[in-house]
Amino acid sequence: MFALQSAAAAPDLASPLAFWIVLCVLALVVGAVGSAVARRLSNPVAKYRLLYVGVVFPIGVLSYGLLSVLDLGAAVRAALLGPSPDPGVVAGFLAEFLTMAAGGTVALVAYAPTIRGVRAVRDVDLGTGRAVARMARWLLGVSAAFALVFAPLRMGLGGTPSTVAVAGGLGALVVCLLAASPWVIAALRSTRRPADDDAERLARLRDRAGLGDDAVRDVRLLDTDDEQTASALVRGLGPTRRLFVTTTFLDAFDDDTATALLAVQAGRLRSRALARRFVAVLAPAIALLAAFAGDGGPFGLLVAVAVVALVGGLWYARRGILAADDRAAERVGADAVADALERYAAFHALEPSRRRVPNPVSANVALGDRIDRLRERGAGETDETDAPDS
């Protein structure tokens with residue numbers, strides 16, 4: 001993935017630029033075809049989410065890897081600033097940022113043709129230009145954060161970081177992003193402090209859900225009136241934690257539903273569901289880096305370790321989601337949480353999916369399975385309440 005950058009002469013720009021254009025064209029075709037297929041399948045909203053996670057995001061990652069091998073960032077930097085015999089930290093950061101941004105642009109091109117389909121299946125007034133601009137802001141922010149971590153590694157280690165350095169960089173990037181995410185989200189999205197009735201209602205709901213000042217430092221409202229996304233999430237580490245609630249969330253749900261959904265977020269916070277997901281991804285990624293770098297041990301053994309770490313880590317992540325549901329059920333009642341999840345699905349035109357066997361390569365638990373599990377728990381609680389005293 002990481003190629004040596006020549007400091008003696010300016011890298012060729014034509015070849016990597018032409019390759020980037022080809023990737024963008026292919027991404028546009030894949031996005032358009034994927035959107036057409038997802039739109040015609042049952043439960044299309046869920047299929048679009050799968051399209052983003054399983055196709056659009058991997059296209060961006062693969063594109064970054066290929067463009068990094070071709071030194072696109074270094075070539076663009078040299079074209080802008082001229083060749084330098086001894087590129088400094090700023091030049092190294094710029095090259096890494098440009099490569100990451102170029103890979104993200106490929107993913108953005110794949111994403112753009114799906115917006116029209118999402119608008120149709122959800123019947124929302126979501127403008128293509130506004131959605132693309134919002135996603136572009138995210139990509140630029142992520143690219144900058146990525147470059148801040150990896151540019152010094154590449155400069156300090158001769159352009160090709162070792163597996164240990166890359167693993168350390170990934171870990172540092174994750175920790176920094178988690179800690180800084182409340183400010184990153186606020187910088188990249190339109191947010192505001194809740195005021196008057198919204199502030200009073202949120203304070204009441206947070207207290208009922210277990211997301212008081214001891215859990216999160218404050219609250220921000222995300223403007224989602226055009227895309228009609230009703231959600232809540234907690235981001236940050238320790239004292240930096242902040243609760244984000246979409247404006248649609250407050251309009252779409254009554255107090256009982258909103259409290260239950262916030263209780264799920266409180267449960268995820270206490271079960272460390274987000275950290276479990278990062279562990280599930282980082283552990284196998286480090287093993288694969290060591291395998292393909294050839295400096296960490298036997299290739300076959302490391303690949304096997306990566307597979308086991310991935311399957312085990314994803315199981316661990318799924319257990320975190322179920323543990324969060326259990327904590328929310330203890331707080332507001334299992335049936336209340338199940339009702340809230342059903343209303344959340346109905347509002348977003350989602351058909352709760354169910355699986356006989358959990359998907360071993362997914363960090364999520366099928367929504368229908370979560371609801372059924374909560375219903376069974378609620379029925380058990382009712383039976384215990386109705387049982388006569390001995």
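The values are calculated or read from the model by the stated rules, or taken from the named source; none is laboratory data. Please read these numbers as outputs of a predicted model, since none were measured by experiment. Note that each Cβ is placed from the backbone with ideal geometry, even for glycine, and that neighbours are counted across all protein chains shown. All accessible areas refer to the heavy atoms of the entire protein, side chains included, with ligands and DNA or RNA removed. Shrake-Rupley method; radii C 1.70, N 1.55, O 1.52, S 1.80 Å.
Considering only protein heavy atoms and a probe of 1.4 Å, how much of the accessible area of the range 16-55 is carbon and sulfur, as a whole percent? C and S fraction of accessible area: 80 percent. Applying a DSSP loop filter and a limit of 12 other Cβ atoms within 10 Å to the trypsin sites (Lys or Arg not before Pro) in the range 30-130 leaves nothing. Excluding ligands, DNA and RNA, the accessible surface per residue across the range 50-132 is 45 Å² with a 1.4 Å probe.
Accessible surface of the range 113-152, 1.4 Å probe: 63 percent of it comes from carbon and sulfur atoms.
Rounded to the nearest 20, the Cβ-based charge dipole of the range 12-124 about its Cα centre (Lys and Arg +1, Asp and Glu -1) stands at 840 debye. Spatially, the range 360-380 and the range 25-40 are offset by 31 Å when compared through their Cα centroids.
Using just the C-alpha positions of the range 229-377 as equal point scatterers, what log10 of I(q)/I(0) does the Debye formula give at each q in 0.12, 0.21 1/Å? Taken in order of the listed q values, log10 I(q)/I(0) reads -0.58, -1.27. The accessible surface of the range 205-328, taken with every protein chain in place and a 1.4 Å probe, is 59 percent carbon and sulfur. In the frame of its principal axes, the range 186-268 has Cα extents of 32, 30, 25 Å, reported largest first. Solvent exposure of the range 209-290 amounts to 37 Å² per residue of accessible area, where only protein heavy atoms count and the probe is 1.4 Å.
Shape summary: the range 270-353 maps onto an equivalent ellipsoid whose semi-axes, from the alpha-carbon gyration tensor, are 37, 14, 9 Å in decreasing order.
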